[in-house]
Amino acid sequence: MIEIKNLTKSFGNLLVWEDVNFTIEDGETTAVIGRSGCGKSVLLKHLNALLYPDAGEVLIDGENVFDLSYTALRKVRQRFGILFQGGALFDSISTFENVAFPLRYFTEQTEEEIEHNVHEALSMVNLENAAEKSTSELSGGMRKRVGLARAIILQPDYLLYDEPTSGLDPKTSDEINELIVTMGDNLDITSVVITHDMHSVLEVSDKVAFLDDQKLSWFGNTKDMKHSENQNLLDFIKASEYQIN
Ligand SMILES: Nc1ncnc2c1ncn2[C@@H]1O[C@H](COP(=O)(O)OP(=O)(O)O)[C@@H](O)[C@H]1O
Ligand SMILES: [Mg+2]
């Protein structure tokens, strides 16, 4: 469980959001939504202390990540898999090596174990045949899937997705949405998905956190979202439904 308590963040004079409170329950998928620049990526980066707040706490199983020592934080960060917005792949090395990277960096696994684990991760994202390809040869959807294979390779408890379907056509977006659901079910993973794609929200999430007007404007069950009385949320949903991703 991740509890976000009274979290406030600014950069210089720019207040991103203040007094954000919500809880990410184990096994659930939470979507973080809101217009561009409202602070979704900044919020995600607080969950494993890639950024520090002005005030407030992020408690992971009761422990505030901002109080941890360097060593303890390194351990906590290993519990997170992150699919970055741009993919953050290394284009000069193969798909296999991209996915193997966290194993080489964080573990003492033998070449044989690495081989086995990388192939298993690649098959989970339906990329078993792309292992030897350079990632620069791959399509946008395939690159996202390589990023996803790399994000799950250390068997994380938490999987963070930053705009996993942005820039993809609707069919490829659906494939990624399906994978997000599969990952949650098969790997017993708790997921947080940043998206402005309403279709994605409805497909993958149990809960929704809506950032607006420098605060958490609405938080609740995805199925209750369309019946909320929050006019900004309703407007946001309506606008997103017209948007082409
Ligand atoms: N490292 C940073 N330094 C200064 N300002 C930042 C930094 N990261 C993000 N911001 C600003 O914080 C606001 C929220 O950014 P971000 O979380 O990336 O928005 P989004 O909801 O689109 O993901 C934006 O105004 C952005 O310019
Ligand atoms: Mg962002």
Task: For Ala88: the one exception among (1) in contact with a strand residue (DSSP E or B) (Cβ under 7 Å, 6 or more places away or on another chain); (2) within 30 Å of Lys133 (Cβ to Cβ); (3) of a type in the set (A, V, I, L, M) - done: (1)
Open item on the list: For region 68-82, which positions are assigned to a loop (DSSP other than H, G, I, E, B) and not polar (S, T, N, Q)?
Closed with: Leu68, Arg79
- [ ] Report yes if His116 is under 30 Å from Ala209 (Cα atoms) and either in contact with a helix residue (DSSP H, G or I) (Cβ under 9 Å, 6 or more places away or on another chain) or modelled with pLDDT of 95 or more (or both), otherwise no.
- [x] no
TODO: Spot the failing condition for Tyr161; the list is (1) within 16 Å of ligand 2 (Cβ to nearest atom); (2) on the phi > 0 side of the Ramachandran plot, and only one is missed.
DONE: (2)
Open item on the list: Considering only residues that are polar (S, T, N, Q), out of contact with any Lys or Arg (no Cβ under 6 Å at 6 or more places or on another chain) and away from ligand 1 (no atom under 12 Å from the Cβ), which ones fall in region 22-50?
Closed with: Thr23, Thr29
Task: Selection within region 100-136 - loosely packed, with under 12 Cβ neighbours inside 10 Å, hydroxyl-bearing (Ser, Thr, Tyr) and within 25 Å of Phe80 (Cβ to Cβ) - done: Tyr105, Thr110
TODO: Return yes when Lys144 is of a type outside the set (S, T, N, Q), in a helix (DSSP H, G or I) and within 16 Å of ligand 2 (Cβ to nearest atom) and no when it is not.
DONE: yes
Task: Those residues of region 83-105 which are in a loop (DSSP other than H, G, I, E, B) and in contact with a helix residue (DSSP H, G or I) (Cβ under 6 Å, 6 or more places away or on another chain), in sequence order - done: Gly87, Leu89, Phe90, Asp91
TODO: Report yes if Ser36 is surrounded by fewer than 16 Cβ atoms within 10 Å (Cβ to Cβ), within 16 Å of ligand 2 (Cβ to nearest atom) and over 20 Å from Ile152 (Cβ atoms), otherwise no.
DONE: yes
Open item on the list: Among the residues that make up region 2-11, is at least one of them crowded, with 19+ Cβ neighbours inside 10 Å and within 16 Å of ligand 2 (Cβ to nearest atom)?
Closed with: yes
Task: Matching residues in region 190-220 - criterion: being in contact with an Asp or Glu (Cβ under 7 Å, 6 or more places away or on another chain) and away from ligand 2 (no atom under 16 Å from the Cβ) - done: Thr190, Met198, Asp206, Lys207, Lys215
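The values are calculated or read from the model by the stated rules, or taken from the named source; none is laboratory data. Since we're looking at a predicted model, the values are computed, not measured. Don't worry about glycine lacking a Cβ; one is built from the backbone with ideal geometry, like all the others, and counts go over all protein chains shown.
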